[in-house]
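Working notes, structure below.
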Amino acid sequence: MIRTILEEIAAAEAALATAKEEEKEALCERLSRLYDSCREFTPEQKVLLSRLAKRPKIGQILPALFTDFFEQRGDRQCREDASILCGIAMFDGRPVTVIGHRKGSTIEENIACNFGMPGPEGYRKALRAMQQAEKFGRPIITFIDTPGAYPGMEAEERGQGEAIARNLAKMSALRVPVVAIVTGEGSSGGALAIGVADRIYMLENAYYSVVTPEGCASILWKDAKKRGEACAALKLTAQDLLKLGVIDGIIPEALGGAQRDAQALYQRLHDVIAGALSELDGLAPQELTEQRYRRYRAI
Amino acid sequence: MALDPISAAARLEMIFDAGTMREMNAGLVAGDPIAFPGYAEKIAAQREKTGMSEALLSAEGCIEGMKAVVCVLDSGFFMGSMGTAVGEKVTLAVEYAQEKRLPLIIFSASGGARMQEGILSLMQMAKTSAAVERFQQAGGLFISVLTHPTTGGVAASFAALGDIMLAEPDALIGFAGPRVIEQTIGQKLPDGFQRSEFQMAHGFVDQIVAREDMKRVLAQLLRLHGYHQNGGLCG
């Protein structure tokens, strides 16, 4: 549905570029109608948009916003989980710790990173990176984009629930600034486990929810096809979360989605992060953790 | 076989010395914060069925003469799910225990975060975990008791964070539910998967305690942390 609209726009834009003068008016009108339909995405359309393979992911965002990236791998206990990317990088000339769910743009990439669904090792690696950031006084920037923590046997054997819970507890008390941005899918505890932050932003067409809409529909209505109803009922859009007071701001996307103008997105992401850090830089560690506690305490 | 479910009220009665219990925040209930279709009716029906106002009771009282704060989730009310009211009651109980320097015991039994309160339910995981972290950093003792079933957002927040982790025998304990895992991996799970004994074998539970022994073990733990001294005693 989303793809169709976007494909139609692409086709109409291409046609306009080579159109004869007398065809242009009709094409412009058609484009205008198509653009309008992008201005009013339904919650379900936003969910689909948030999952587009072409949507900018951590792999593209990271080099666009940061320099000197040094990847940190492994949980120091048993394994490396590629579904979460961690490392140290420079942002505007200062070192920061970057953590994000890793999704691919192709099937091969997605298999390599388990479609952005971490196991406990991924969350423990993230916690290790966060505690190191705290030690060295680096702010932490996290990018959330996951359909959820991986529901597999090994993940359960190794304590998926414990790993998520530990991150929630420890992140709440980190003595360095934490900025979280939901760039695509923010699904369930698997998203929140790197999302306890001082400032939380969402891209305009990202979603953030207690459960995937499909999961909600199949549990409540025994029918995963009722996704549209679940998307509406869960109040999972960036606009909903801003109204509910869960997030601090919405980062606009290009008309039709972030993938249509990634450069503009990177610029906005940069400005939002820089703005948030400049607000948080002035706070003493104690104030920072107190404000973070109050933030969640009020929900 | 997992033990039969037990109501939160019956659990409190089993744990506290007779006549010492005082319920806290009894009137705290959630609204319908995201106007979820059918939620208001469903919660009314749960109240009618159980006579409870929410899925969790919290109380202070005495265990073998030692003061403690105890929370109990009731799986008979909306699957023991955590929405804003449950999250708030847990957080208030943790903060109260910290203020009064009392030990904290939480019996969990829950299907997870309550979908009908959407993102606000998810955020209760962060809120309760943050409160537990503060309490523990301040030196408080938190004993988490996992009972059948403890899954989803409760298993992945405060319930996993006990200084001491206890479980009732054969309780289902895990983040993902068994059906979801079976759908994901396309095969049946082995017997005993995610049960208390499995969790203990994998390092996530200190001891499995029979229901009739629970009060005795809790009292032992309170004594081992010195709560029989220094003003920890009742009246």
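The values are calculated or read from the model by the stated rules, or taken from the named source; none is laboratory data. If you're wondering where the values come from, they're calculated on a predicted model, not measured in any experiment. We place every Cβ from the backbone using ideal geometry, glycine too, and count neighbours over all the protein chains shown. Each accessible area value is taken on the protein alone, full model and side chains, heavy atoms only, with ligands, DNA and RNA left out. Shrake-Rupley method; radii C 1.70, N 1.55, O 1.52, S 1.80 Å.
Just a few scattered comments:
- Calculated diffusion of the stretch B:114-160, Stokes-Einstein form, Kirkwood radius summed over Cα pairs, 10 °C and 1.306 mPa s, µm²/s: 138
- Rg and Dmax of the stretch B:109-235, based on Cα coordinates, read 16.5, 57 Å.
- Set against the 2.2 N^0.38 Å expectation for a compact globular protein, the stretch B:25-143 has a Cα radius of gyration ratio of 1.07.
- Span from the the stretch A:189-233 Cα centroid across to the the stretch A:72-124 one, whole angstrom: 21
- Shielding by partners - mean other protein chain Cβ count within 10 Å, residues of B:169-179: 4
- The value for the stretch A:41-297 of Rg(Cα) / (2.2 N^0.38 Å) is 0.94.
- 41 Å tail of the calculated P(r), the protein assembly as shown, as % of Cα pairs: 22
- Each helix, a run of at least 4 DSSP H residues, gives -39500 (n - 2.57); summed and divided by the residues of chain B, these come to -11000 deg cm²/dmol at 222 nm.
- Mean projection area, nm², convex hull over Cα of the stretch A:84-168: 6.0
- Modelled label positions at B:Ala10 and B:Arg179, each set 7 Å beyond Cα in the direction of Cβ, lie 2.5 nm from each other.
- In this structure, the pairs whose alpha-carbon distance is over 27 Å, taken from A:Lys170/B:Lys188; A:Lys125/A:Lys235; A:Lys46/A:Lys226; A:Lys54/A:Lys235, are A:Lys170/B:Lys188; A:Lys125/A:Lys235.
- With every protein chain in place, the protein assembly as shown: carbon and sulfur % of accessible area (1.4 Å): 52
- Over the Cα atoms of the stretch A:1-144, the radius of gyration divided by the Kirkwood radius equals 1.15; this is the Rg/Rh ratio.
- The Cα atoms of chain B cover 53, 40, 32 Å along the three principal axes, with the biggest extent listed first.
- Computed over the stretch A:229-275, the percent of Cα pairs more than 16 Å apart is 52.
- Column: log10 I(q)/I(0), Debye, Cα scatterers of the stretch A:47-132, q = 0.13, 0.24 Å⁻¹: -0.43, -1.18
- Peptide A:147-154 is shielded by partner chain Cβ atoms: per residue, an average of 5 of them sit within 10 Å of its Cβ.
- Rounded to the nearest 10 degrees, the inclination of helix A:21-39 to the longest alpha-carbon principal axis of chain A is 30 degrees.
- Angstrom value of the Kirkwood radius, inverse mean 1/r, which spans all Cα pairs in the stretch A:1-40: 10.3
- Cysteines without a disulfide-compatible neighbour (Cβ-Cβ under 4.7 Å), the protein assembly as shown: A:Cys28, A:Cys38, A:Cys78, A:Cys86, A:Cys113, A:Cys216, A:Cys231, B:Cys71
- The mean count of C-beta atoms from other chains within 10 Å of the C-beta of residues in A:68-77, rounded to a whole number, is 0.
- Legend: Rg and Dmax of the stretch B:165-235, from Cα coordinates, 17.2, 57 Å.
- Using the 1.4 Å probe convention, the accessible area of the protein assembly as shown works out to 40 Å² per residue with neighbouring protein chains retained.
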